[in-house]
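Note sheet for the following structure.
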2 protein chains.
Amino acid sequence: MKKITLLALATLASLGACQRPTTQDAATAKKSTAEEKIDSTNIKHFFNTALTEGKSYEWLRDLTSNIGGRLSGSPEAAKAVVWGEQLMKEVGLDSVWLQPVMVPHWVRGAKETAHYEFKGSTIDVPICALGFSIATPKEGITAEVIEVNSLDEAKQLGEKAKGKIVFYNGAFDNKLINTFQAYGGCVGQRFAGAATVGKLGAVGVIVRSMTNGIDDYPHTGSMGYGEIPEENYIPAAAISSRAAENLSTHLKENPNLKFYFKQSCQTLPDAPSFNVVGELKGSEHPDKIMVVGGHLDSWDLGDGAHDDGTGIVQSLEVAYLFKKNGIRPKNTLRVVFFMNEENGLRGAKEYHRLAKENNEVHIGALESDAGGHTPRGFSIDANPKNLQLVQSWKKLLAPYGLHDLVKGGGGADISPLKDEHVTLVGYRPDSQRYFDYHHAVTDTFDKVNKRELELGSASMASILYLMDKYLYTSDTLKP
Amino acid sequence: MKKITLLALATLASLGACQRPTTQDAATAKKSTAEEKIDSTNIKHFFNTALTEGKSYEWLRDLTSNIGGRLSGSPEAAKAVVWGEQLMKEVGLDSVWLQPVMVPHWVRGAKETAHYEFKGSTIDVPICALGFSIATPKEGITAEVIEVNSLDEAKQLGEKAKGKIVFYNGAFDNKLINTFQAYGGCVGQRFAGAATVGKLGAVGVIVRSMTNGIDDYPHTGSMGYGEIPEENYIPAAAISSRAAENLSTHLKENPNLKFYFKQSCQTLPDAPSFNVVGELKGSEHPDKIMVVGGHLDSWDLGDGAHDDGTGIVQSLEVAYLFKKNGIRPKNTLRVVFFMNEENGLRGAKEYHRLAKENNEVHIGALESDAGGHTPRGFSIDANPKNLQLVQSWKKLLAPYGLHDLVKGGGGADISPLKDEHVTLVGYRPDSQRYFDYHHAVTDTFDKVNKRELELGSASMASILYLMDKYLYTSDTLKP
């Protein structure tokens, strides 16, 4: 807003102004220029510190190499909780605690297998069970395959689905520049594919992996059976994108080929776990809270580097950058390592429940759960005044590649905090590589670039610094 | 310019306008909105085609896997010329030809070795000869080491350099967001390090690799002896950044340690080679030329994927995207695969010499030689009117992540074309990862992301499309 006014003034001046700034305007402008200089200097310090004394990369190496994939309820997730609590204490947060929460406990079991016969050869197919799927019978499932490209198409199958394995082969729309949009256009097949055709009498579901490219890795992810009766539950697996392309080709030549798959996953009783929480007390409004966080759990196939190890270490590095630069936030800065984002969101819900129970006042929250790639910007979910305010910081953020300050959701883990007085912000790094690794065995530490990770931490510290200083809150926001 | 005017008008309107647009202004604005819509549609088509029917990734796989590193004068560089000519013909350019040029022919010889004794152990050191360096004597060189952090410091060594190996350990300034700036701050050590201390009586030079991070790979690159007498030539090698850190530490404990290194490189007589050139004839001004290019040669250590295989395949993909979308440029679009950018720039100089000899009129040139990472923008070297014009396209380019339209050099290979009537543009993708691989054994195909590469091709096609349509030329540019 401020920027537009200044530009307008400059324009008027150059055209021979017919309106002049008042003395009061000039004083405000002078003050705001001085503040802008302070802000720009502090932001520069965040970046300098992250790029020369950053810790996030080594923290991430430790988490991914020494603990690895950490699905909710697993021993690795439990180790990650201990790791997170310990690390927050080492960074010197004012207080660190655990929030107990019961989480779903789904386990994959033995490695899945799948194959079919085609022209006298056995084609082995890389698959993996989807999270929450039931197992196949011990001997596996063999059935003919019926291919569809969307949930809508599947809904029309009717009788044709009976006794079949339904093969969802809808691919990402690679024309979409932001790959999260392409994901959004497909992920329904993964989540609701089994429920949709289970009630039609299908015996299993194979879903093309959620990825832009053609690779040999099945990408797992969450699914659900929704409201369908338990007797209609059918097993669901992801198939690699290359195997999906091949299967589709082979089905054209032999529509009656028999597909076999076997998986041994199961859902055990809920398990105890924790959110890990730590905070830097606010100097002026310690009772007002800003959250920065990511999720500590991950899928089990890779080591959960980009999803969401990077979000975890960046969130903690934000606090480190504040401390290292001697900047104490006015409001309390709370770092949260949420548990169970991938299959349940139980940590996020419990965090919110406790916040309400304790009458906590949140003014903003920032989530990093879109990978650790090079910075591009933030998505903002806020009331119009705060949305405009955040977008007015573009000049301060653009020198660091942060050009995108767009209206949009903040992220899954902070979404329960949504309220007209809470500004939710999602960190949005470059999305091109993200779905190459997402939920697959390839989501590993070596895919993370140190500088990109550190630039992300500094980007997050910068916007939190500005949020802390300038956000309109329920006290200052006039209707 | 146009954008600023529109914004100014909008501002005036909102303040209660004291100047109104004339009817003529309104008509111009209407026309320009219609044109902007056409431009935006054509740009969208470039991106759609690149992301769904792009060829660059498979071309690059072919070049890097089947030919590999292709240093000027090498058999691989000769193969790359044949490959390039053939590929341009396959894409269906109107004409394709080779421009003969003699190039330097430096060869590395046997793998370099280096080591020193420290606390009773032998430390092996990863080094590689710098391009154009002389060999060590056959038995290698053993000498004490003197460490400096800059050329300036080296110049002050005086007598102290005599008989020593000078170790340039100046590191990248990692605080600089654009890593090319950090490179610019250090590369003098590599290029002029040997000449600087050769005349002081030093016996060899070891230069810290030009990279942001700490890794185990020596990064090669060009050096020169400048004007110093041949008897002062001394061998120069790059040392991995980790080995440089270790050596520096060990020198503090034992300033008299003896460093050994051996390399067998030599400069052979100049060898015949070629630029590969192809063009799409302009529909309105076939005599006016716009160049798009990169360099076909590379260093010998990796397979020259990011430097500059990506620039090569993107430049050809630009022509492919024009053809595939039925867009014929008004001016002639000339694709140039320059030879010998890395150590000599002979191809670029010969291209320019021939252009002058043949009285060719160039109106613009675009170079891609900054890696194949995700798009960020362009640097522009043009007269003020064309600079402003190119910057006015931001609205059309920003949706594709192209926010940086900054004044700056276009690139080494197109630099000889510099003239007040020629607009030179450099494609500037994200720079964070570039120096991880630059000139090292790690610059390989697997570091290139398909979508990032294709987005680059489309970015380049888009700006060339706009340059073709709108650039002020010597005919239309009024003083």
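Brief remarks on what is shown
- Debye log10 I(q)/I(0) at q = 0.13 Å⁻¹ for segment A:305-435, Cα point scatterers: -0.57
- Farthest toward the positive end of the dipole of chain A, out of A:HIS105, A:GLY184, A:GLN266, is the Cα of A:GLY184, where the dipole comes from beta carbon charges about the Cα centre.
- Using a 7 Å projection from Cα along Cα-to-Cβ, the label point at A:PRO137 is separated from the same position in the remaining copies by 8.3 nm, smallest value first.
- Simple Cβ-charge dipole of the protein assembly as shown, Lys/Arg +1 and Asp/Glu -1, about Cα centre, in debye nearest 20: 2380 debye
- Here the spin labels are modelled as points 7 Å beyond Cα on the Cα-Cβ line, and at A:LYS79 and A:ASP62 they lie 1.4 nm apart.
- Once each of the GluC sites (Glu not before Pro) sitting in a DSSP loop with at most 13 other beta-carbon atoms within 10 Å is removed, chain A keeps A:1-138 as its longest stretch.
- Exposure rule at most 11 other beta-carbon atoms within 10 Å, DSSP loop trypsin sites (Lys or Arg not before Pro): chain B longest free segment: B:139-479
- Dipole magnitude (debye, nearest 20) for segment B:111-268, charges at Cβ of Lys, Arg, Asp, Glu: 60 debye
- Listed residue (B:THR52, B:TRP299, B:SER283) projecting farthest to the positive dipole end of chain B, Cβ model: B:SER283
- Per-copy distances of the A:ASP446 label point, shortest first, in nm (7 angstrom along Cα→Cβ): 0.5
- Estimated inter-spin distance, A:GLU117 and B:VAL361, nm [label 7 Å along Cα→Cβ]: 7.2 nm
- Environment charge at B:THR267 (Cβ cut-off 13 Å; Lys +1, Arg +1, Asp -1, Glu -1): -1
- Förster-model FRET efficiency, 22 Å R0, A:TYR233 and A:LEU257, C-beta, rounded to 0.05: 0.30
- Each part reduced to its alpha carbon centroid, segment B:95-132 and segment A:108-163 end up 53 Å apart.
- Förster-model FRET efficiency, 60 Å R0, B:ASP270 and B:GLU35, C-beta, rounded to 0.05: 0.75
- Placing a label point 7 Å from Cα along the Cα-to-Cβ axis, B:VAL361 is separated from the same position in the other copies by 7.0 nm, shortest listed first.
- Here the sum of -39500 (n - 2.57) over DSSP H runs of 4 or more residues, divided by the residues of the protein assembly as shown, equals -11500 deg cm²/dmol at 222 nm, to the nearest 500.
- By the Stokes-Einstein formula, at 0.692 mPa s and 37 °C, segment B:111-268 with its Kirkwood radius over alpha-carbon pairs has D equal to 214 µm²/s.
- Degrees between helix B:75-91 axis and first principal axis of chain B (Cα, 0 to 90, nearest 10): 10 degrees
- Relative to the Cα centre, the charge distribution of chain A, modelled as +1 at Lys and Arg Cβ and -1 at Asp and Glu Cβ, gives a dipole magnitude of about 1360 debye.
- In plain terms, the chain from A:ASP475 to A:ALA110 could stretch by 125.8 nm, reckoned as 0.36 nm per residue minus the Cα-Cα distance.
- Reducing segment A:421-466 and segment A:228-274 to their Cα centroids gives an inter-centroid distance of 30 Å.
- Cβ-based net charge around B:GLY131, under 14 Å, with every Lys or Arg adding one and every Asp or Glu removing one: -2
- Compared with the alpha-carbon gap, the fully stretched path from A:LYS281 to A:THR28 is longer by 88.0 nm at 0.36 nm per residue.
- Dipole axis of chain B (+1 Lys, Arg; -1 Asp, Glu on Cβ), positive-most option in B:MET467, B:ILE234, B:THR33: B:THR33
- Additional length obtainable on full extension of the chain from B:GLU245 to B:SER95, 0.36 nm per residue less Cα span: 48.8 nm
- Label point at B:ALA412 placed 7 Å out along Cα→Cβ; residues across segment B:307-339 whose backbone nitrogen lies under 19 Å: B:307-315, B:336-339
- The alpha carbons of segment A:432-479 stretch over 49, 22, 15 Å along the principal axes, in descending order.
- With all projection directions averaged, the alpha carbon convex hull of the protein assembly as shown covers 45.4 nm².
- The residues neighbouring B:ARG346, those whose beta-carbon lies less than 15 Å from its own, together hold a net charge of -3 under the Lys/Arg +1, Asp/Glu -1 convention.
- Against the rule of thumb 2.2 N^0.38 Å, how large the Cα Rg of chain B comes out: 1.08
Just so you know, all these numbers are worked out from the coordinates, no wet-lab data involved. What you are looking at is a predicted structure, and each value in this text was computed from that prediction instead of being measured. FYI the Cβ positions are ideal-geometry reconstructions off the backbone, even for glycines, and counts take in every protein chain you see.
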